[in-house]
């Protein structure tokens, strides 16, 4: 099949692109001008220029494809650059759905996020849900995936804390660190997307996607430290102090956490992962084994 892929230059996108090609699919990637070099190693890929937030740039770009995989998403906003959750998550998805319908594509696979809901505490969660809702009401043959934190080579989660442990031997932790997460391997997420393309029993379904272990944040840092053979010292910082710092500094790209991320972190991020792994017959990768593969290279 020929797949129209957005977000191919990102961490998850590169894995899905690789797996689509490995599964003998043809792939057309839409990228902004100047970003094509990020996937230059994939000579067989059909690259077109455009931006899902610009509806006009999608005209004719999806023609001839059999399915759309939409991975575009951001974890923080930069409103002064026009980068907002509303624009990328909701408006971009709506533009892509309209283009898919106009250009004769019925299969649509959407990347959402665990915790997306209409009454979410953050704009991230709310806009992710509104995008889901638009897809669900599109009349297309949709599948929606809601992953927890995704780890793998090139991620900005495990690698951030690994870098901290290597350079300063401590990691700042918001509050008590007892909130739970369910990190899932990028290989497992990608396999679900790729397998879903031709599975009719995945149509009309929304899958929560988490790893096989529910881990407290403290334990995640301990495991990263164990893998690196670095004593994982944790510096617990009261949530109100982190919120104050984020209030002043989260507009800076170098500041590691935003107010919304603090809210979502303390809320926790877990699910029942079994239906996803059972439906797509995927063997889950445990967190410690998964990160060992790339942190110790």
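A few remarks follow.
- Yes/no for residue 16 being modelled with pLDDT of 95 or more, within 24 Å of residue 153 (Cβ to Cβ) and in contact with a helix residue (DSSP H, G or I) (Cβ under 8 Å, 6 or more places away or on another chain): yes
- Test: residue 260 is farther than 17 Å from residue 181 by Cβ, out of contact with any strand residue (DSSP E or B) (no Cβ under 6 Å at 6 or more places or on another chain) and not in a loop (DSSP other than H, G, I, E, B): no
- Residue tally, condition farther than 26 Å from residue 74 by Cβ and either modelled with pLDDT of 95 or more or in contact with a helix residue (DSSP H, G or I) (Cβ under 7 Å, 6 or more places away or on another chain) (or both), over the stretch 250-297: 17
- Condition check for residue 255: under 17 Å from residue 171 (Cα atoms) and loosely packed, with under 15 Cβ neighbours inside 10 Å: yes
- Scanning the stretch 56-76 for residues that are assigned to a loop (DSSP other than H, G, I, E, B), in contact (Cβ under 8 Å) with a residue 60 or more places away in the chain and either on the phi > 0 side of the Ramachandran plot or surrounded by 15 or more Cβ atoms within 10 Å (Cβ to Cβ) (or both) gives 64, 65, 66, 71, 72, 73, 76.
- Output for the stretch 87-108, where each listed residue is in a helix (DSSP H, G or I) and more than 16 Å from the chain's Cα centre (by Cα): 87, 91, 94, 95, 96, 97, 98, 99, 100, 101, 102
- Output for the stretch 269-283, where each listed residue is surrounded by fewer than 17 Cβ atoms within 10 Å (Cβ to Cβ), assigned to a loop (DSSP other than H, G, I, E, B) and touching a strand residue (DSSP E or B) at 6+ places or on another chain (Cβ under 9 Å): 272
- Qualifying strands (runs of 3 or more DSSP E) (wholly inside the stretch 163-251; at least 2 residues being within 24 Å of the chain's Cα centre (by Cα) and surrounded by 15 or more Cβ atoms within 10 Å (Cβ to Cβ)): 170-174, 205-209
- All positions within the stretch 40-55 that are part of a loop (DSSP other than H, G, I, E, B) and either touching a residue at least 60 places away in the same chain (Cβ under 8 Å) or surrounded by 15 or more Cβ atoms within 10 Å (Cβ to Cβ) (or both): 42, 45, 50, 51, 52, 53
The values are calculated or read from the model by the stated rules, or taken from the named source; none is laboratory data. What you are looking at is a predicted structure, and each value in this text was computed from that prediction instead of being measured. Note: ideal-geometry Cβ built from the backbone for every residue, glycine included; neighbour counts use all protein chains shown.
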